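See below for the structure under consideration.
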Amino acid sequence: IYTNNWDMRTFTQYPQILINVPVLKKKNLLEPSIASIIARHEAQLASGRLIVRYSGTENVLRIMVEDQHE
């Protein structure tokens, strides 16, 4: 949807936290045991988002959470 919203008037900002977790091995995040942990935490968000991904250049798992402040 194109909104022509160049000055971001309709953009709602949420508090955001980014955590970088060093890992020795990059396991498959879609593996049921890991995916269920991610889904469980994502379900606790009011209307925000949870992004879990590995760095493309480092052995780091990046976890970003943003949601409405309560």
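The values are calculated or read from the model by the stated rules, or taken from the named source; none is laboratory data. Everything numeric here is computed off the predicted structure, so don't read it as measured data. Note that each Cβ is placed from the backbone with ideal geometry, even for glycine, and that neighbours are counted across all protein chains shown. Calculation scope for accessible area: heavy atoms of the full protein, side chains included, ligands and nucleic acids excluded. Shrake-Rupley method; radii C 1.70, N 1.55, O 1.52, S 1.80 Å.
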message: Suppose we keep only residues that are part of a loop (DSSP other than H, G, I, E, B) and not polar (S, T, N, Q) within the stretch 46-60. Which one would you say is surrounded by the most Cβ atoms within 10 Å (Cβ to Cβ)?
response: G48
- prompt: Consider E70 against the criteria (1) open to solvent by 90 Å² or more (accessible area, probe 1.4 Å); (2) modelled with pLDDT of 95 or more; (3) under 17 Å from Y14 (Cα atoms): it satisfies all of them except one. Which criterion is unmet?
  reply: (2)
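When only residues in the stretch 1-19 that are in contact with a strand residue (DSSP E or B) (Cβ under 7 Å, 6 or more places away or on another chain) and open to solvent by 80 Å² or more (accessible area, probe 1.4 Å) count, which is modelled with the lowest pLDDT? Step through it out loud before you land on a result.
From the stretch 1-19, those in contact with a strand residue (DSSP E or B) (Cβ under 7 Å, 6 or more places away or on another chain) are 14-19; that's our starting set.
From what is left, the residues that are open to solvent by 80 Å² or more (accessible area, probe 1.4 Å) are 16-19.
Details: Q16: 91, I17: 94, L18: 96, I19: 97.
Among residues in the stretch 1-19 that are in contact with a strand residue (DSSP E or B) (Cβ under 7 Å, 6 or more places away or on another chain) and open to solvent by 80 Å² or more (accessible area, probe 1.4 Å), the one modelled with the lowest pLDDT is Q16.
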- prompt: When the stretch 27-38 is examined, which residues are found to be more than 17 Å from M64 (Cα to Cα) and surrounded by 11 or more Cβ atoms within 10 Å (Cβ to Cβ)?
  reply: K27
